[in-house]
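> Dumping the structure here so I can ask a few things about it.
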Amino acid sequence: MIELLDLVKRFGDLVAVNHISLKVERGEFFAVLGPNAAGKTTTIKMLTGLIKPTSGRALIAGCDVQAQPLEARRKLAYVPDFPFLYDKLTPWEFLRFTGQMFRMEEKQFEAKARTLVERFNLEDFLRKPIEGLSHGTRQRVAIASALLHDPEVFVIDEPMVGLDPHHARVVKDVLKERSLQGMTVFLSTHQLSVAEEMADRIGIIHQGRLVAVGTNEELRRQSGQDGALEKSFLSLTKQEANFNEERGQAAPSAGNK
Amino acid sequence: MNGGGSKFFSPLWLLLRTNGLQAWRRLLSFRDQSRLLSAAIMVFVAGYLWLAYLLFYKAMRFVSYFPGLGEVLVERMLFLLFAFLFTMLMLSNLIISFTNLFRNRESTYLLTMPVSTDTIFRWKFIESSILASWAFVFLIAPLVTAFGHSQKAPWHFYPITVTLILLFIVLPTVAGSWFAVLLARFMDRRAFQVAAITVAIGAICYVAFGTAPEQMQDDFEDTRVLGLMDRLLKRTDFAQNPVLPSYWLSSGVLRWLEGAFGSAVFFMLVLLSNVLFFGFLSFTRLGKPFYEAASVVQSRGSLFGHWEWFRKWRDFKGQRRYEIGFLERAFAIFKGWLPGDVRAMLVKDIRVFWRDTTQWGQTLMLFGLLGVYIINLRHFSQQLTAPFWIHVVSYLNLGASALNLATLTTRFVYPQFSLEGRRVWIVGMAPIGLPKVVTAKYWLTTIASLGVTLGLTVLSCHMLQLPWERTVMFALAITVMTLTLNGLAVGLGVLYPNFREENPSKIVSGFGGTFCLVLSFLYIVASVVLLAMGTPWPGASDVDLGKVLFGWVGFGLLSVLLGWVPLKLGLKRAAHFEY
């Protein structure tokens, strides 16, 4: 469903993404982790067609993002960490706009939109201008509108930012259900607990390279570390200094787990 | 948006409808904020249209009285007007298209939607052309109407002229958007700054050394007037270059007025064919270059990165990463007067301004116009000998300086507080406190703008060879006006903040920005009138002390009301600001 074939991105003389190859299967929940400036967002930008790769290809459900952009985007949904919404529209109007952009039939739109509105508890906000909504509610509107056309591939950057625990749970449940129904989820996050809980496989990007890919268990084996994903992550990204420093500080909380 | 039963709309139509609805609701929220103020703004707009019409009408009648020359002069003025309009529209379109295409969240959002890049470009092209052109059309509307009336044009002259202008504005939009795509594709911020400064210096040098007017000799004054006029107008010949779109527009308008309909239709068809050709190219061929440029903008390394000397210099700079920056060292001079937190704030503001290319472009345009004005003062003053005209021109110069300042304060000072954006809490929660931040912004902008306005006013007085006491009077007046206009802009900026918007020109186009501009203009007009009343004219035998007192006290009170009061209210609001 998602194929990254030897993807490279250079910013001048800086190599931001360095020969990344990856295949994420249909219905797989894939989480990508990495330190700041590791190349996660750049990879997502190439995957969603926002920027052109220096070399290599990105495929969405078999469509080359650069060669068949419209076909790829019809099968794709992308929710960035701070999604764009038309401020003067209401959430319902925005949902309608999105449905029309994806050429959904009126009846189909109504049925799907009502279900999503109910699921994301948006009923009370449907007629209010988006500009007056909180960040969490805006995030829910963005996720609901992205799911409207039943995308085959769902790319989301930091989905839990601004969400309260209840709605964070709703988002996790909805994404997991959809992935079980066949939607491929590509999630980028710094919240290791989210990746640990949700992902079928996890990829770790460090300094532009995909340094490890696998299930939580496989990552543990690769890193030679036991316990939480945090240990595998820190070990694999070779941030020894940070690891030592954080191990000292995080020991009591780790002990509580 | 609520209508049901629709089949599939084209994406362009959906974008037009959605953004149209957004604009309409923005307008309604504008009205809902204060009906009284909205009505005041409407009255101001109507007043401008009426006054501008009267002024242009009288000026055109005056010029057309010159026997044999009036027609030539009016015709040349029209050619010049549209030629300058073309240039200004092109620059305006370049800046707005660049921001709209490459620094706009909607563009990024649309690039992930099932919309072709051609459609995105088409929508942004239409949006940019409206944003860049509406103000120019609004400004020239009374001029064109006055021209028609002064020439006793038939009723059909007006719809034809409107059609010609609407066709015409497509061409600078095409040029502006093409340049914007090229600029984004091939130039980074530093390269743009270097190029823009070079062009600005070149333009100022050209105006300074290449456009000196023909000197009039006494024996020419009464004889061979047409020949003399021809020489004097020689330098404006460029406006009549037949390859310029402004030439086709001017010729179309003039030929229609003369009743040469066939010739007018010819020029209209020339415009139409160019609009169709270049419009078609833009609508069908620029989607891909736009996408490539958008990708490059987000992927840019340094333009100079492939030069070894540049890489060495950058490495050298990198080794000195903990060194204090130039601005901090410059501001360290004021250590005794300014506390460290205020200096940090000022350095931050200057750096942010310097590094924002779009701010830069517009600043250059405004200062470029100012530069042309200053340089041309020397030519203007040579023709002035009568004390009456010197007096009138000195006040007009004061008004012009203040109007330039009002444009600057509304465009750059008013959005300063809003530009803190979602990060306002960083400065708000810092020990410095928001009121101090606002005060620092006020003094920074006031001192910076005072340098320009005071210099301009003193220079104008010097050119007019005014006595020193009048120079001091004008310097005092412009200082008070600078303090007031900055106080108004800073104060209203805090009272009507917009933290959602990151584009300063969009912040300015909101309610507070428009209100600030209207109040600034009203203040300037009232101040110039009051000061003219409060200053005895040269050679006046009896000085009416009551009038003098009324003028100066009125000016002082007005300045306090529109400068000090908004600033105080702004500071009060800042002290109790909720994040």
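Read-outs: derived from the displayed coordinates by stated rules, not from any lab. Only a predicted model underlies this, so the values are computations on that prediction, with no experimental measurement involved. In this analysis, Cβ positions are derived from the backbone assuming ideal geometry, glycine residues included, and neighbour counts consider all displayed protein chains.
> Run down the lysines and flag those whose C-alpha is under 17 Å from the C-alpha of A:Lys128, throwing out any fewer than 8 positions away in its chain.
Those lysines meeting the cut-off are A:Lys88.
> Another one. Give the Rg/Rh ratio for the protein assembly as shown, taking Rg as the radius of gyration of the Cα atoms and Rh as the Kirkwood radius, to two decimals. Please list the in-between numbers first.
Values: Rg = 31.2 Å, Rh = 30.9 Å.
Using only Cα positions, Rg/Rh for the protein assembly as shown is 1.01.
> For the stretch A:1-71, what does the alpha-carbon gyration tensor say about shape, rounded, prolate or oblate, given a ≥ b ≥ c as the root eigenvalues, a/c under 1.5 as rounded, and a/b over b/c as prolate? Spell out each step's value before the answer.
On the way: a/c = 2.02, a/b = 1.25, b/c = 1.61.
It comes out oblate by the Cα gyration axes.
> Something else: Would you list the membrane-span-like helices of chain A, meaning whole DSSP H runs whose alpha-carbon atoms span at least 27 Å along their axis and whose mean Kyte-Doolittle value is at least -0.5? Could the numbers behind the result be given before it?
Numbers: long enough: none.
Helices meeting the criterion: none.
> Next question. Taking the Cα centre of the stretch B:37-299 as origin, sum charge times position over the Cβ atoms of Lys and Arg (+1) and Asp and Glu (-1), and report the length of that vector in debye to the nearest 20.
Roughly 760 debye for the stretch B:37-299.
> Between B:Leu522 and B:Thr163, what's the calculated FRET efficiency when r is the beta-carbon distance and R0 is 35 Å? Round to 0.05. Spell out each step's value before the answer.
On the way: r = 35 Å, r/R0 = 0.99.
For B:Leu522 and B:Thr163, the calculated efficiency is 0.50.
> What are the GluC sites (Glu not before Pro) within the stretch A:1-104 that DSSP puts in a loop, where the Cβ has at most 13 other Cβ atoms within 10 Å?
On the way: sites: A:Glu3, A:Glu25, A:Glu28, A:Glu71, A:Glu93; in loops: A:Glu25, A:Glu28.
Sparse-neighbourhood loop GluC sites (Glu not before Pro): A:Glu25.
> Right, another one. With 26 Å as the limit, write out which pairs from A:Lys75/A:Lys107; A:Lys45/A:Lys107; A:Lys112/B:Lys124; B:Lys288/B:Lys312 have Cα-Cα distances beyond it, or answer none. The partial results should precede the final answer.
Values: A:Lys75/A:Lys107 20 Å; A:Lys45/A:Lys107 33 Å; A:Lys112/B:Lys124 31 Å; B:Lys288/B:Lys312 35 Å.
Cα-Cα > 26 Å for A:Lys45/A:Lys107; A:Lys112/B:Lys124; B:Lys288/B:Lys312; rest within.
> Another one. Evaluate E = 1/(1 + (r/R0)^6) for B:Leu454 and B:His576, where r is the Cβ-Cβ distance and R0 equals 45 Å; express this FRET efficiency to the nearest 0.05.
Working: r = 35 Å, r/R0 = 0.77.
So, using R0 = 45 Å, E works out to roughly 0.80.
> A follow-up question, please. In whole Hz and in residue order, list the ³J(HN,Hα) couplings for the stretch B:235-240 that follow from phi through the Karplus curve 6.51 cos²θ - 1.76 cosθ + 1.60, θ = phi - 60°; x for Gly and Pro.
Karplus values, whole Hz, x for Gly and Pro: 6, 9, 4, 4, 5, 9.
> Another one. In nm, to one decimal, how far is the A:Asp173 label point from the B:Lys288 one, both placed 7 Å along Cα→Cβ?
Spacing of the two 7 Å Cα→Cβ label points: 4.9 nm.
> Between A:Val79 and residues 5 or more places away or on another chain, which pairs have amide H atoms under 5 Å apart, with H built 1.01 Å from N, and which residues are they?
Sorted by chain and number, the residues that satisfy this are A:Val155, A:Ile156, A:Asp157.
> While we're looking at this one, here's another question. Given the rule -39500 (n - 2.57) for each run of at least 4 DSSP H residues, summed and divided by the residues of chain A, what is its mean residue ellipticity at 222 nm, to the nearest 500 deg cm²/dmol? Display every interim value, and only then the final one.
Numbers: 10 runs with 108 residues, N = 257.
Taken over chain A, the calculation gives -12500 deg cm²/dmol.
> Setting aside same-chain residues fewer than 8 positions from B:Lys436, which lysines have a Cα under 30 Å from its Cα?
Output for B:Lys436: B:Lys335, B:Lys348, B:Lys506, B:Lys568, B:Lys572.
> Tally the DSSP beta bridges in the protein assembly as shown and give the antiparallel ones as a percent, rounded to 5.
Details: 19 of 36 bridges.
Looking only at bridges with both residues in the protein assembly as shown, the antiparallel portion is about 55 percent.
> Hey, with R₀ at 22 Å, roughly what FRET efficiency would A:Arg103 and B:Phe499 work out to, going by the Cβ-Cβ distance, to 0.05?
Values: r = 36 Å, r/R0 = 1.62.
So the FRET efficiency works out to roughly 0.05.
> Determine the percent antiparallel among the DSSP beta bridges restricted to chain A, to the nearest 5.
Details: 19 of 36 bridges.
Of those bridges, close to 55 percent are antiparallel.
> Under 1.5 on a/c is rounded, so check that first for the stretch B:37-299, then, if it is not, pick prolate when a/b is larger than b/c and oblate when it is not; a ≥ b ≥ c are the square roots of the alpha carbon gyration tensor eigenvalues.
prolate
> Contour minus end-to-end for B:Arg329 and B:Val548, with contour as 0.36 nm per residue of separation and end-to-end as the Cα-Cα distance?
On the way: separation 219, 0.36 × 219 = 78.84 nm, distance 4.74 nm.
Roughly 74.1 nm would be gained on extension.
> Multiplying the sequence separation of B:Arg17 and B:Ile201 by 0.36 nm and subtracting their Cα-Cα distance, what value in nm do you get? Don't skip to the end; give the middle numbers.
Details: separation 184, 0.36 × 184 = 66.24 nm, distance 4.33 nm.
Extending this stretch completely gives an extra 61.9 nm.
> So how much slack lies between B:Thr236 and B:Leu403, counting 0.36 nm per residue of separation and subtracting their Cα-Cα distance, in nm? Don't jump to the answer; show the numbers that get you there.
Details: separation 167, 0.36 × 167 = 60.12 nm, distance 2.62 nm.
Contour length minus the Cα-Cα distance gives 57.5 nm.
> With labels modelled as points extended 7 Å from the Cα through the Cβ direction, what inter-label distance (nm, one decimal) is found for A:Val15 paired with B:Met533?
Here the answer is 7.6 nm between the modelled labels.
> Here's something else I'd like to know. Among B:Val243, B:Val275, B:Val137, B:Val508, which comes first, second and so on when ranked by fewest other beta-carbon atoms within 10 Å? The partial results should precede the final answer.
Numbers: B:Val243 6, B:Val275 19, B:Val137 16, B:Val508 22.
With the sparsest Cβ surroundings first, the list reads B:Val243, B:Val137, B:Val275, B:Val508.
> Per residue of the stretch B:118-132, in order, report the coupling 6.51 cos²θ - 1.76 cosθ + 1.60 (Karplus, θ = phi - 60°) as ³J(HN,Hα) in whole Hz, putting x for Gly and Pro.
Karplus values, whole Hz, x for Gly and Pro: 4, 5, 4, 4, 4, 4, 5, 5, 5, 4, 4, 5, 5, 4, 7.
> Using θ = phi - 60° and the Karplus curve 6.51 cos²θ - 1.76 cosθ + 1.60, what whole-Hz ³J(HN,Hα) does each residue of the stretch A:7-14 get, with Gly and Pro shown as x?
Using θ = phi - 60°, the values come out as 6, 10, 9, 10, 10, x, 8, 9 Hz.
> I want to check the label-to-label distance for B:Leu276 and B:His156. Put each point 7 Å from Cα in the C-beta direction and report it in nm to one decimal.
The modelled label-to-label distance comes out at 2.1 nm.
> Among A:Glu105, B:Glu75, rank each residue by its count of other Cβ atoms within 10 Å, from fewest to most, as a rough exposure measure.
Numbers: A:Glu105 11, B:Glu75 16.
In order of increasing Cβ crowding within 10 Å: A:Glu105, B:Glu75.
> Now for a different question. Running a GNM on chain A with Cα contacts under 10 Å, which residue among A:Ala58, A:Ala16, A:Ala228 ends up with the highest mean-square fluctuation?
Among A:Ala58, A:Ala16, A:Ala228, the largest GNM mean-square fluctuation belongs to A:Ala228.
> Now, a different point. For B:Leu111, B:Leu398, A:Leu33, B:Leu276, what's the fewest-to-most ordering of other Cβ within 10 Å of each Cβ? Write down the numbers at each step before the final one.
Values: B:Leu111 22, B:Leu398 25, A:Leu33 28, B:Leu276 12.
The fewest-first ordering by Cβ neighbours comes to B:Leu276, B:Leu111, B:Leu398, A:Leu33.
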